[in-house]
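These notes concern the structure reproduced below.
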Amino acid sequence: MGYYRKIFIANRGEIACRAIRPARELGIPVVVGYSDCDALSLHVKLADEAVRLGPSPASMSYLDIDVVLRAAKDSGCDAIFPGYGFLAENPDFVDAVEREGIVFIGPSSRVMRILGDKIAARKALAASGVPVTPAIEDVEDADQVIKFGDRVGWPLLVKASAGGGGKGMQKLASPYEVEEGLAAARSVAEKAFGAGTVFVEKFIEGGRHIEFQFLADRYGNVIHLGERECSIQRRHQKLVEEAPSSLLTPVVRAKMGAVVVKAMKDIGYETAGTLEFLVDESGKFYALEVNTRIQVEHTVTEMITGFDIIRKMYKIAAGDRLSLRQQDVLLRGHAIQCRINAEDPKNGFAPSFGRITFLRQISGPFIRTESGIYQGWEVPSFYDSLLAKICSVGKDRGTAIQRMRRALGEYEIWGVRTTIPLLRRIMDQADFLTGKIHTGFIDENIAGLTEYEEAEEEIYKAARFVAEVSGLGRNVHSG
């Protein structure tokens with residue numbers, strides 16, 4: 001198609017595999033980078049070329065701007081797609097890419113700097129008429145926070161100004177928790193993002209996490225692709241996402257969508273992004289942040305709109321106009337995504353690493369899998385715990401849930417702990433089935449959601465035993 005000579009995928013795992021596919025459809029060769037522990041990873045096997053970046057720690061490979069740029073240049077790439085995480089929302093990386101004459105498939109560094117800092121983003125969104133939660137954006141001391149809490153009501157939430165993924169968040173239930181909470185949030189923010197700046201906002205009890213996907217081109221055309229419900233979370237990180245939300249009426253959806261489109265036009269955004277909201281029990285909505293990248297859960301939006309969002313990103317970055325208009329976006333049916341993480345929900349979602357001794361992938365109608373794993377692969381300890389995502393789609397929410405139950409029932413991963421048993425229970429939980437969900441859903445129901453059957457525990461133990469005996473687990477089977 002003549003868009004690019006080659007695209008460099010500056011990522012790994014399922015998102016790297018996902019990004020390779022639309023490039024291949026467009027006839028564009030793909031190069032990926034890999035660290036030492038990822039030499040045999042699936043994204044390396046799928047790409048046209050693979051370049052070693054360095055040792056396994058991300059700071060010495062995927063996060064090293066000079067190393068990533070050199071790999072892209074030496075392999076003849078004229079475009080870079082960052083995925084999510086790593087360097088995806090680093091404006092310094094964008095500047096470095098553009099200095100080399102390479103196309104960055106994402107927003108400009110100017111926009112990224114505005115929206116990547118939560119305090120600056122709040123101000124920019126508020127200036128465009130987007131509602132934001134009451135907050136202290138310049139936190140000086142504990143006394144200031146206590147006075148704010150007494151005025152707007154407890155609890156409060158401390159957030160790191162930079163970064164994302166729930167890191168640095170601390171809920172303050174009363175004035176007695178302020179000093180310790182501020183110190184803890186600043187410490188985490190400093191370690192995770194290199195900046196200890198935090199702000200404090202009113203915590204919305206029983207809130208729903210609802211986000212709007214949007215697309216924008218360099219010519220000022222902006223549309224939204226509807227919303228996603230992301231309220232099922234652990235440690236402020238999502239586990240189950242849906243599109244559309246069972247909460248929004250068509251009138252509220254149109255109102256929120258119009259707010260999103262106006263804000264992105266005012267800011268001058270280009271490519272795909274997501275504006276996240278918290279919706280309270282009365283229906284009022286407040287902006288949380290803008291994700292200046294593709295999101296893990298973009299898949300459910302694709303399944304009810306029929307659009308390939310990453311393919312759109314490739315074309316927009318190459319200079320194509322957004323041919324879609326808002327009236328072209330039709331939401332058909334309901335889609336659900338479950339994140340399969342290498343974690344132990346029974347042990348506070350502690351990471352679980354090791355060899356995948358047996359893998360039974362899912363298949364069948366109306367199911368989609370995005371995965372970066374295979375049987376015999378070693379889950380490394382250096383990166384995020386996400387292994388795969390599975391999505392179901394149906395004519396309505398009930399049908400999508402039925403299909404997700406079937407998919408989760410088929411999916412087997414042995415050798416590491418995963419979130420699969422927890423997700424199976426969520427699909428049967430009464431409040432989930434009726435749509436009575438909020439961001440505290442897992443915390444409130446964790447005891448019941450982790451009452452695994454003994455058989456599942458025995459399967460895990462048997463898989464670990466086979467792995468220890470055989471090394472590669474060749475004799476593990478599903479029975």
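The values are calculated or read from the model by the stated rules, or taken from the named source; none is laboratory data. Just so we're clear, the structure is a prediction, and the values are computed from it rather than from any experiment. Note that we place each Cβ from the backbone using ideal geometry, even for glycine, and neighbour counts take in every protein chain shown.
Within the stretch 67-88, can you find the residues that are more than 16 Å from Y383 (Cα to Cα) and of a type in the set (A, V, I, L, M)?
V67, V68, L69, A71, A72, A79, I80
Which of the following residues is closer than 27 Å to R113 by Cβ, touching a strand residue (DSSP E or B) at 6+ places or on another chain (Cβ under 8 Å), modelled with pLDDT of 85 or more and surrounded by fewer than 21 Cβ atoms within 10 Å (Cβ to Cβ): A160, A189, A184?
Going through A160, A189, A184 in turn, the sole match is A184.
Would you confirm, using the coordinates I've provided, whether I390 is part of a strand (DSSP E or B), touching a Cys at 6+ places or on another chain (Cβ under 8 Å), free of Cβ contacts under 8 Å to residues at least 60 places away in the same chain and assigned by TED's automatic domain parsing to the domain that holds Q295?
Yes, satisfied.
Among the listed residues R293, R228, identify the single one that is modelled with pLDDT of 95 or more and part of a strand (DSSP E or B).
R228 is the lone residue from the list that is modelled with pLDDT of 95 or more and part of a strand (DSSP E or B).
How many residues, within the stretch 398-411, are of a type in the set (D, E, K, R) and buried (at least 18 other Cβ atoms within 10 Å of the Cβ)?
Residues meeting the conditions: 1.
May I ask you to list the residues in the stretch 1-10 that are farther than 12 Å from V44 by Cβ and within 21 Å of the chain's Cα centre (by Cα)?
F8, A10
V200: touching a strand residue (DSSP E or B) at 6+ places or on another chain (Cβ under 8 Å), part of a strand (DSSP E or B), crowded, with 22+ Cβ neighbours inside 10 Å and not polar (S, T, N, Q), yes or no?
Yes.
State whether one or more residues within the stretch 72-81 are at pLDDT 95 or above, assigned to a helix (DSSP H, G or I), over 23 Å from A23 (Cα atoms) and out of contact with any strand residue (DSSP E or B) (no Cβ under 6 Å at 6 or more places or on another chain).
No, because not a single residue in the stretch 72-81 is at pLDDT 95 or above, assigned to a helix (DSSP H, G or I), over 23 Å from A23 (Cα atoms) and out of contact with any strand residue (DSSP E or B) (no Cβ under 6 Å at 6 or more places or on another chain).
Taking the stretch 335-374, which residues are touching a Cys at 6+ places or on another chain (Cβ under 6 Å) and not in a strand (DSSP E or B)?
Matches in the stretch 335-374: G372 only.
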